[in-house]
1. Give the number of residues within segment 211-247 that are over 16 Å from Ala43 (Cβ atoms) and within 21 Å of the chain's Cα centre (by Cα).
2. Pull up segment 112-125, narrow it to residues that are more than 15 Å from the chain's Cα centre (by Cα) and touching a residue at least 60 places away in the same chain (Cβ under 8 Å), then point me to the one that is least open to solvent (accessible area, probe 1.4 Å).
3. Looking for something open to solvent by 20 Å² or more (accessible area, probe 1.4 Å), more than 18 Å from the chain's Cα centre (by Cα) and either closer than 23 Å to Gly146 by Cα or modelled with pLDDT of 95 or more (or both) - is there at least one such residue anywhere in segment 32-47?
4. Just checking, does segment 7-22 include any residue being among the small types (Gly, Ala, Ser), surrounded by fewer than 21 Cβ atoms within 10 Å (Cβ to Cβ) and modelled with pLDDT under 95?
5. When residues of segment 216-233 are filtered for being in contact (Cβ under 8 Å) with a residue 40 or more places away in the chain and either among the acidic types (Asp, Glu) or open to solvent by 30 Å² or more (accessible area, probe 1.4 Å) (or both), how many remain?
6. Cβ contacts < 7 Å: first residue under 12 Å from Leu194 (Cα atoms) and hydroxyl-bearing (Ser, Thr, Tyr), restricted to segment 140-164; second residue open to solvent by less than 40 Å² (accessible area, probe 1.4 Å) and in a strand (DSSP E or B), any location; separation 6+ or different chain. Result?
7. Scanning for something over 18 Å from Asp20 (Cα atoms), touching a His at 6+ places or on another chain (Cβ under 8 Å), surrounded by 20 or more Cβ atoms within 10 Å (Cβ to Cβ) and not basic (Lys, Arg), does segment 77-96 turn up at least one residue?
Amino acid sequence: MTDEQENTGVQERRRVNDYDAFAAAYSAENDGSLANAYYERPAMLALVGDVAGHSVLDVGCGSGKLSASLRDRGATVTGIDASAGMLELAEQRLGDDAELLLADLNDPLPFDDETFDDAIASLVLHYLEDWTAALAEMRRVLKPGGRLFASVDHPFVAYTIQEPRPNYFANTSYEFEWEFGGRRVPMRFWRKSLQSMLDAFASAGFRVASINEPQPAPEARELFPQDFEHVSTAPVFLFFALEAVQD
């Protein structure tokens, strides 16, 4: 690979999923959107349940909205994110109520073994082409019997969004653009089949406790009448509750 090719590749990686470039706009959208505030986040909190007294790792914490909810429920929260811009917003939201660290899931996590009771990866794993290292690290930092809760774009949605449709059983990327205040930003996610997800969890030392396809919060019907029917009748997100298998 030439230097020019390498530089082009680096620039491309920076171009997509560049949360530092739109952190404030994304945070404002995330705080009140149908998909996040009235669907994914309440569904995740319902799945997690009682966390009072638990040490919780919020993987890909973004601007800290989920971390704040976990804190309010009595958890001791540590948040990590690959975006310094998002972490700055999380610090403004949480103050000294949570430890916040810059960390990339492609690298080892900056924690000792068996540090946390729970880990939550909320709409995070589909940014990764390969889940192997990230899941192994999450398993490492969980205490024996610890829990991992993960949500991803539903694989059926990611499969049907592309034309021509890819091989469902292949690990493929898909790209689109988000729009915030008239500005369009490029995003890239990775789609796995359900079987590939289950295999990845098992290989990392997790047992699946449940797989969920939840409904949006009922109050969203009045707040988002045009979009509610779609998110309540079509697959959007897939949720997993996992337990760390004791060695």
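1. 2
2. As a first pass, look at segment 112-125 and keep what is more than 15 Å from the chain's Cα centre (by Cα): 112-117.
If we keep only those that are touching a residue at least 60 places away in the same chain (Cβ under 8 Å) as well, we get 115-117.
On the way: Thr115: 51, Phe116: 8, Asp117: 39 Å².
Among residues in segment 112-125 that are more than 15 Å from the chain's Cα centre (by Cα) and touching a residue at least 60 places away in the same chain (Cβ under 8 Å), the one least open to solvent (accessible area, probe 1.4 Å) is Phe116.
3. No: zero hits.
4. Pass one, segment 7-22, residues among the small types (Gly, Ala, Ser): 9, 21.
Narrowing the set further to residues that are surrounded by fewer than 21 Cβ atoms within 10 Å (Cβ to Cβ) leaves 9, 21.
Applying the additional criterion that residues be modelled with pLDDT under 95 yields 9, 21.
Checked against the condition, which is being among the small types (Gly, Ala, Ser), surrounded by fewer than 21 Cβ atoms within 10 Å (Cβ to Cβ) and modelled with pLDDT under 95, segment 7-22 yields at least one hit.
5. Counting residues in segment 216-233 that are in contact (Cβ under 8 Å) with a residue 40 or more places away in the chain and either among the acidic types (Asp, Glu) or open to solvent by 30 Å² or more (accessible area, probe 1.4 Å) (or both) gives 4.
6. Once the first residue is under 12 Å from Leu194 (Cα atoms) and hydroxyl-bearing (Ser, Thr, Tyr) and sits in segment 140-164, its partners that are open to solvent by less than 40 Å² (accessible area, probe 1.4 Å) and in a strand (DSSP E or B) give Tyr159/Arg191.
7. Scanning segment 77-96, I find no residue that is over 18 Å from Asp20 (Cα atoms), touching a His at 6+ places or on another chain (Cβ under 8 Å), surrounded by 20 or more Cβ atoms within 10 Å (Cβ to Cβ) and not basic (Lys, Arg), so the answer is no.
Okay, residues lined up against (1) open to solvent by 60 Å² or more (accessible area, probe 1.4 Å); (2) modelled with pLDDT under 95:
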| site | (1), (2) |
| --- | --- |
| Thr172 | no, yes |
| Glu175 | yes, yes |
| Gly181 | yes, yes |
| Val185 | no, yes |
| Gln195 | yes, no |
| Ala200 | no, no |
| Gly205 | no, no |
| Val208 | no, no |
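The values are calculated or read from the model by the stated rules, or taken from the named source; none is laboratory data. Because the structure is a prediction, the values reported are computed rather than measured. A quick note on method: Cβ atoms are made from the backbone with ideal geometry, for glycine too, and the neighbour counts reach across all protein chains shown. These accessible areas exclude ligands, DNA and RNA; they are computed on the full protein's heavy atoms, side chains included. Shrake-Rupley method; radii C 1.70, N 1.55, O 1.52, S 1.80 Å.
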